[in-house]
Every structure is written in C-alpha cells, then in structure tokens.
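Working notes, beginning with the structure itself.
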Amino acid sequence: MRSVVLAFILSIAALPVAAQHGGHQSHGARGDPSPYAGQQSRDIKALSDQEVKDLVAGAGMGMAMAAELNRFPGPMHALELADRIGLSQDQRERLQVVMLRHKERARQLGEEVVALERELDTLFVRGRPTIEEVDRLTTSIGEARGRLRSDHLKTHLATTALLTPEQVDRYVKARGY
C-alpha cells in the first residue's frame, strides 16, 4: 500500500514538469531527433527560408486576419474580386495605389525584421550574447514586427473606406466568410 501511495505522490509531483513541456517528452532523451533537427543550417535560425521570402516580399503572412475576418477587406483580394464585388474603375485605381504603397512599406519593414533577426542570430553565433544585447534586439524585432502588422491592418482600413457596405457584403460572401 505504501508503494502505491508513494507512486501516486511521485506521479502528481511530476505533473508541473510535464505541463512545462506541453505534455511532450523531451526530444533526444531516447535518441529521438529534436523537432529543430536540420534547422541549424538555416541562414537565420529563427526564420525559415519561406518566412524570409515572405517578409522581404511584403506578403500578408496572416498579419491582417483581425481585419480580414471581421469584414475589413484587403486591397489585393478586393482587386482580385473586382468584377464580383462591382468595383468602379475609380475604385480599382485607388485600390491599386493603396496596395502598391502598402507593398513598398511592407517590404521595407520586412527587410528590417530580417536584418534584426540576422543580427540576433549573429549575436549567438559569436557565442557571447549579453542580456542587454538580447533585450535590445528582441525589443527592436518586436517593434518592427508590430509596425509591419499595423501597416497590414491599416491597409485593410484604407481599403474598406473605398468600398460601399454592399461591396463589403459581396466581398465577404465571395471569400466564404
């Protein structure tokens, strides 16, 4: 009976440790590869090649979902659906300007994020990162990503301002929301 109680107490004591690891066993403990295996050869360890490409291309990367899924269309998809939602020639031209200006800003901000991530990676490659350097760079990365996301969201606001409520309804329906 004592061994059952002891086993029970030990299993309960282990719960917080398991919770910290998401309930998963530590990779490598039994020789299993880490989920990061192979990523050590990345140019920037924290970003996949696709993430780098998307950032420097000014791609959306889901940054405006709060707008998109709450009836605030983006310019690219509105232009793609121009006929279905009934855009006038003037609206098309104005949305094209909104999209081109946004893409330019998004590319610049994306390049800034990539440069800062590269700097952070290099800090660790050198092998002697300081707390101050890590704080500075991670704060800068967060701020740059925040500006990028804000620009994506503001572009959805600008797009919605150029559409009628009926066009927004058609857009939402055409996009399947």
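The values are calculated or read from the model by the stated rules, or taken from the named source; none is laboratory data. Because the structure is predicted, anything quoted here is derived from the model rather than measured. Methodologically, a virtual Cβ is constructed for each residue, glycine included, from the backbone with ideal geometry; neighbour enumeration extends over all protein chains shown.
Within the stretch 79-104, being in contact with a Lys or Arg (Cβ under 9 Å, 6 or more places away or on another chain) and either closer than 19 Å to residue 64 by Cβ or part of a helix (DSSP H, G or I) (or both) holds for 79, 81, 82, 84, 85, 102.
Residues to consider are 56, 134, 114; find the one that is outside any loop (DSSP other than H, G, I, E, B) and touching a Lys or Arg at 6+ places or on another chain (Cβ under 9 Å).
56
Against the list (1) crowded, with 17+ Cβ neighbours inside 10 Å; (2) acidic (Asp, Glu); (3) over 30 Å from residue 40 (Cα atoms), the condition residue 117 fails is (3).
Would you point out which residue out of 157, 123, 137 is of a type in the set (A, V, I, L, M, F, W, C), in the same structural domain as residue 100 (by TED's automatic domain parsing) and buried (at least 18 other Cβ atoms within 10 Å of the Cβ)? 137 is the lone residue from the list that is of a type in the set (A, V, I, L, M, F, W, C), in the same structural domain as residue 100 (by TED's automatic domain parsing) and buried (at least 18 other Cβ atoms within 10 Å of the Cβ).
Against the condition in contact (Cβ under 8 Å) with a residue 60 or more places away in the chain and outside any loop (DSSP other than H, G, I, E, B), how does residue 121 come out, does it pass? When the stated conditions are applied, residue 121 passes them.
Could you tell me how many of the residues in the stretch 137-177 are touching a residue at least 40 places away in the same chain (Cβ under 8 Å), of a type in the set (Ser, Thr, Tyr) and part of a helix (DSSP H, G or I)? Qualifying residue count for the region: 4. Among the residues here, residue 100 does not qualify as buried (at least 16 other Cβ atoms within 10 Å of the Cβ) and closer than 30 Å to residue 43 by Cβ.
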